[in-house]
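Here is the structure we will look at, set down as structure tokens.
The values are calculated or read from the model by the stated rules, or taken from the named source; none is laboratory data. Because the structure is a prediction, the values reported are computed rather than measured. Heads up, the Cβs are rebuilt from the backbone with ideal geometry, glycines too, and the neighbour counts pull from every protein chain shown.
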Amino acid sequence: MHEKKIIITGGTGFLGSYLAPYFIKKCYTIYIISRQKQRNNGNIKYLTWDGKTIGKWAEALENAEVVINFAGKSVNCRYNETNKRIIKESRVNATKVIGQAILQAKKPPKLWLNGGSATIYRYSEDMDMTEKDGELGTGFSVDVCKAWEKTFNQIQTPNTRKILMRISIVIGKHGGVMIPLKNLARIGLGGTQGHGRQRVSWLHVHDLARMIDFFMANERITGTMNCVSPNHVSNRDFMKQIRKAYHAPFGLPQPKWMLKMGAVLIKTETELILKSRKVVPDRLLKAGFEFDYPTLDLALQEITRV
């Protein structure tokens, strides 16, 4: 019997470090492909690549259950010309070369899940963005998403099912956005950001892992899926619930000008918190997926549980 393999590219970050142990418990061998050289750890095997050319790593795709592509430079940086170019190229190139590896495989993976972002939709306080009716936005981040999705959608893989995951902000215990949010709350800066009406679409990392399971099991699902919880909240409510979860008695509000100054200091962009993302997982719900953490209070209870 061949080993059950899951391949994760760009899997050394927050998402990969949650998914690997989750699927090991289900008797999979995990192959993590990244630029960083690391030692194998039991059923987690590490392979290196440059994110743009076929190499020895491509052999791991043979007979895999799924290849999950999360590769790409973090958007948590200043959008200068160099960073903008690397953010875009790293996503497009990784997607292209995975497509090439799948097409040259003798026994290609059954499923290819490509990361994408819910930020592809326009700023919206007024209407829910579904896969069918969502309106795409404009600007640098949206252009990156469009180029990324176009690359993925253009690659025809006759023997490998494809799903594009438009993922929102992912929250969980050991990393990602919760680390800075927790720190802000604890020093009294966990107040409303900007005007506070902007919607926050979010997802618990455990439900992301379960979605991948769900996609593997449901062979009729293909195409674009919004990977978000069904209950987006306003930024005002989001920050209020975070303060409550971390027992912060107060949180100073952060107006837009203050956020812009702070973003320069910590080398990031205000778009990550000021854009209103009103995204709903319409296709997932219709396919029968049930969330373990459908509401923010449930998600935060799990995250803050000792």
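A few notes on this one:
- Asp297 being under 15 Å from Val200 (Cβ atoms), charged (D, E, K, R) and over 17 Å from the mean Cα position of the chain (by Cα): yes
- Qualifying residue in region 212-219 (condition: more than 24 Å from Met127 (Cβ to Cβ) and not in a helix (DSSP H, G or I)): yes
- Which listed residue, of Leu181, Leu208, is within 16 Å of Ser234 (Cα to Cα) and either surrounded by 15 or more Cβ atoms within 10 Å (Cβ to Cβ) or touching a Pro at 6+ places or on another chain (Cβ under 7 Å) (or both): Leu181
- Filter result for Ile30 (surrounded by fewer than 22 Cβ atoms within 10 Å (Cβ to Cβ), without any contact (Cβ under 8 Å) to a residue 60 or more places away in the chain and of a type in the set (A, V, I, L, M, F, W, C)): no
- Neighbours by Cβ (under 6 Å, 6+ apart or cross-chain): first from region 247-270, of a type in the set (Val, Ile, Thr); second assigned to a loop (DSSP other than H, G, I, E, B): Thr268/Asn76
- Any chance Thr119 is polar (S, T, N, Q), in contact with a Gly (Cβ under 8 Å, 6 or more places away or on another chain), on the phi < 0 side of the Ramachandran plot and surrounded by 14 or more Cβ atoms within 10 Å (Cβ to Cβ): yes
- Test: residue in region 85-106 that is in contact (Cβ under 8 Å) with a residue 60 or more places away in the chain, surrounded by fewer than 16 Cβ atoms within 10 Å (Cβ to Cβ) and either of a type outside the set (Phe, Trp, Tyr) or under 20 Å from Val144 (Cα atoms) (or both): no
- Any hit, region 267-277, residues being within 16 Å of the chain's Cα centre (by Cα), closer than 30 Å to Leu111 by Cα and outside any helix (DSSP H, G or I): yes
- Positions within region 140-173 being free of Cβ contacts under 8 Å to residues at least 12 places away in the same chain and assigned to a loop (DSSP other than H, G, I, E, B), in sequence order: Gln156, Pro158
Condition check ((1) part of a loop (DSSP other than H, G, I, E, B); (2) not small (Gly, Ala, Ser)) across all residues:
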{"residue": "Phe238", "(1), (2)": "no, yes"}
{"residue": "Arg243", "(1), (2)": "no, yes"}
{"residue": "Phe250", "(1), (2)": "yes, yes"}
{"residue": "Ala299", "(1), (2)": "no, no"}
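Quick grid of which residues meet (1) within 25 Å of Thr304 (Cα to Cα); (2) in contact with a Lys or Arg (Cβ under 8 Å, 6 or more places away or on another chain):
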position	(1), (2)
Asn218	no, no
Thr222	no, yes
Asn226	no, yes
Arg236	yes, yes
Lys240	yes, no
Ala248	yes, yes
Gln254	yes, no
Val264	no, yes
Gly288	no, no
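- Looking at Leu284, Leu265, Leu298, Leu252, just one residue is crowded, with 17+ Cβ neighbours inside 10 Å and either over 25 Å from Leu136 (Cα atoms) or not acidic (Asp, Glu) (or both), and that residue is Leu284.
- Of all residues in region 108-143 being among the β-branched types (Val, Ile, Thr) and out of contact with any strand residue (DSSP E or B) (no Cβ under 8 Å at 6 or more places or on another chain), the one that is nearest to Lys4 (Cα to Cα): Thr119
- Within region 177-211, tally of residues that are assigned to a helix (DSSP H, G or I) and modelled with pLDDT under 95: 9
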